[in-house]
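Notes follow the structure.
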Amino acid sequence: MIPNSLLAGILFLGSVFASPLSDQRPLGHEALSSTADADIANTAGSQRGLSGRFLHITDLHPDRLYKNGASTSDDVSCHRGEGRAGYFGAEGTECDAPLALINETFRWIENNLKGEIDFVIWTGDSARHDNDLKNPRTPDEVISLNEFIADKFVDAFKRPEAPHTLSIPVIPTLGNNDIMPHNILADGPNKWTKHYLDVWTRFIPEHQRHSFVEGGWFTSEVIPNQLAVISLNTMYFFDSNSAVDGCADKSEPGYEHMEWLRVQLKILRSRGMKAILIGHVPPARTSSKQNWDETCWQKYTLWVHQYRDVVVGSAYGHMNIDHFMLQDSRKIEIVDDFEASSSDIPAKGLSDRVGVQSRSEYLSSLRKDWSQMPSPPDDLSIMEELMGESPPGSETPSKISKKKRKKFYKKIGGPWAERYSVSLVSPSLVPNYFPTLRVVEYNITGLEGVATWAENSSDLSQERSHETDDGFIDDNFADEETPENSGKKKKKKKKPNFKVPEPPSPSAPPGPAYSNQPLTWLNYTQYFANLTRIYEELAELEQSTNTTNQFIEESDEEIYKDLFSFEVEYDTKDHIYKMDDLTVRSFFKLATRAADNFADGSEGEEADSDDDDDDDDDDGSTVTKKKNLVWRAFLERAFVKYMSYDELDDIE
């Protein structure tokens, strides 16, 4: 277990930070004051450079059958009967999203985010669940709902001078409920990849369309020649997809997908570019849950580790709970060059529609894993040396102390914690708890003069140095020898049946996922729509005006604009998370703070003296247990502030 007072100093001081972000305007927490203000901001935004922000939205699950006032029981799914289903959705239930929620969400996005973000990542599940036996889904309905959401993005981000074209890129990815039967997707090309090529024709670059039809994956340069978003088809990694079988066999689409990803990252490295990876199902892997086939998780972790100079970050959806996960390269067992730790394959993945208890067990297993990460040496002088705050007259740290520090760094992959990579999981728009959106801020220092996507979008078919005319990767480039491996005789080892990516050059600086530099993720702001509060205000309005809900539904839509809004739930720089940026080492530090006192229940640095639990010991004495505020906040935020403190106590 890592003492937090030491970790704050030992971990990663002496960072090479980019220049101050004085030119990067923060996104205000308040909505724009009027439509006129929004129009001014949107016009200005179309003429400016990068804002240094992007939107992440996931799991919208629109449902045309949703009925206001219907029952929320699982067998009717807010489609019939009488119950508490509200106009904007039934928070805290398994019901899907009414069109009213979708419409107001995109109205809010257009009024508050247009002109303030550079691109959108949309990580799947844009059709209702198939959970109503009396109204089974059809393939046409699934496609139609996705078309509805695609049109919403175009309407929200259209160019004033060209209403049918986008002002910023939108990058979608396939969800497990965007296909039928849900979870099941066979090798491509297939009818679903062909359908979605049509649905997403405005989002997929022309030179990537052949690749998309082949397997449902593609790459989009959101900042030309600087940053690409790689849309992964996680259906081929998903353990619940019985139509495929992992990533080990060359005949499997998962194997082909991983090879494609490896080559894309290699090409981006050769061009000096960076990448964001997005997908629907995240690579969760704990003792209680595993989302991906193990062979896919192994390759993904290897790829991300070897291309740690290229990958800026990874973002997913699917699980509906707000959290992050660390991939540990020491658990890679498919190549001999890694010091793999013995690790049993975790339990198979749970259904994506599970209760609070199952989700809390999963989160607890994450915390257990975090508590077992390496601890820094218990030597304050090391911390003082790294911070440059040694008291006057203090002794120089001993050689023994320096050896301890070096040993700790070796355990975590150096001072940048390059042993690990991070995947962020955003909660859903569909109100399993409360509807959410996420705005991520990234470093644009030094990128003020680069061409934007809008300026370059008319030339989407421009030549790529290592791509052929039909979008296939040049095999000669993909298979070329490198200076490190050419003409050398190597010791015989168990040879894998795939190409192992080359690591970064030993002289290369740490990538933007590890050190704050251009394109590093700095912060995210989590927004949520508190439907409980909105409904209380609606009830007060009905009472004060002596009107009915039906009357309000039929009246001017301005009423809804006033009632519905997203507000800030938290941001990662707040007084609890205290994250300087979103580098891997910052998440390492947050994870260890959240895991503090997990094993022994002892008082930790983050304990809350005003929120104690008194338990009776065997001898009748009272034992006071302190709360870990970071873990409590992490748990509260995982459930989007929907759970009460008593409920959190029950599942903590």
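Which residue pairs have Cβ atoms closer than 9 Å, lie 6 or more positions apart in sequence or on different chains, and pair a first residue in the range 631-649 that is free of Cβ contacts under 8 Å to residues at least 40 places away in the same chain with a second residue that is acidic (D, E)?
Going by the 9 Å Cβ cut-off, the qualifying pairs are R632/E606; R632/D608; R632/D611; R632/E652; Y645/D611; Y645/E636; L648/E636; D649/D613.
Given the options D249, D178, D198, D187, name the one that is touching a His at 6+ places or on another chain (Cβ under 9 Å), among the charged types (D, E, K, R) and modelled with pLDDT of 95 or more.
D178
Taking F338, is it of a type in the set (F, W, Y), more than 22 Å from A591 (Cβ to Cβ), assigned to a loop (DSSP other than H, G, I, E, B) and at pLDDT 70 or above?
Spelling it out, it is not the case that F338 is of a type in the set (F, W, Y), more than 22 Å from A591 (Cβ to Cβ), assigned to a loop (DSSP other than H, G, I, E, B) and at pLDDT 70 or above.
Considering every residue within the range 226-237, establish whether at least one is of a type in the set (V, I, T), over 23 Å from E141 (Cα atoms) and in contact (Cβ under 8 Å) with a residue 40 or more places away in the chain.
Within the range 226-237, one or more residues are of a type in the set (V, I, T), over 23 Å from E141 (Cα atoms) and in contact (Cβ under 8 Å) with a residue 40 or more places away in the chain.
Restricting to the range 422-459, what's the tally of residues that are in a helix (DSSP H, G or I) and surrounded by 19 or more Cβ atoms within 10 Å (Cβ to Cβ)?
Total satisfying the criteria: 1.
Within the range 234-278, how many residues turn out to be part of a loop (DSSP other than H, G, I, E, B), of a type in the set (S, T, Y) and more than 18 Å from L174 (Cα to Cα)?
So the count comes out to 1.
Among the residues that make up the range 101-109, is at least one of them out of contact with any Phe, Trp or Tyr (no Cβ under 7 Å at 6 or more places or on another chain), assigned by TED's automatic domain parsing to the domain that holds P435, more than 27 Å from P282 (Cβ to Cβ) and in a strand (DSSP E or B)?
Checked against the condition, which is being out of contact with any Phe, Trp or Tyr (no Cβ under 7 Å at 6 or more places or on another chain), assigned by TED's automatic domain parsing to the domain that holds P435, more than 27 Å from P282 (Cβ to Cβ) and in a strand (DSSP E or B), the range 101-109 yields no hits at all.
Can you confirm whether P181 is more than 15 Å from W260 (Cβ to Cβ), without any contact (Cβ under 8 Å) to a residue 60 or more places away in the chain and surrounded by fewer than 24 Cβ atoms within 10 Å (Cβ to Cβ)?
Taking the combined requirement at face value, the residue satisfies it.
Can you tell me which residues in the range 180-219 are of a type in the set (S, T, N, Q) and either part of a helix (DSSP H, G or I) or touching a helix residue (DSSP H, G or I) at 6+ places or on another chain (Cβ under 7 Å) (or both)?
Hits for the range 180-219 are T193, Q208, S211, T219.
Every residue in the range 280-306 that is small (G, A, S) and touching a Gly at 6+ places or on another chain (Cβ under 8 Å), please.
The answer is A284, and nothing else.
When you go through (1) in contact with a Gly (Cβ under 7 Å, 6 or more places away or on another chain); (2) closer than 26 Å to R285 by Cβ one by one for H210, which number turns out not to apply?
With respect to (1) in contact with a Gly (Cβ under 7 Å, 6 or more places away or on another chain); (2) closer than 26 Å to R285 by Cβ, H210 is out only on (2).
Tell me, which helices (runs of 4 or more DSSP H) lie completely within the range 543-652 with 1 or more residues that are modelled with pLDDT of 90 or more?
Qualifying helices (runs of 4 or more DSSP H): 584-595, 629-638.
Does the range 230-251 contain any residue that is surrounded by 24 or more Cβ atoms within 10 Å (Cβ to Cβ) and of a type in the set (D, E)?
Taking every residue of the range 230-251 in turn, none turns out to be surrounded by 24 or more Cβ atoms within 10 Å (Cβ to Cβ) and of a type in the set (D, E).
If I ask for residues that are crowded, with 17+ Cβ neighbours inside 10 Å and assigned to a helix (DSSP H, G or I), which ones from the range 113-147 would you list?
Listed by number, the residues that qualify are E141, V142, I143, L145, N146.
The values are calculated or read from the model by the stated rules, or taken from the named source; none is laboratory data. No experiment lies behind these values; they were computed from the predicted model shown. Glycine also receives a Cβ, built like all others from the backbone with ideal geometry; neighbour counts cover every protein chain displayed.
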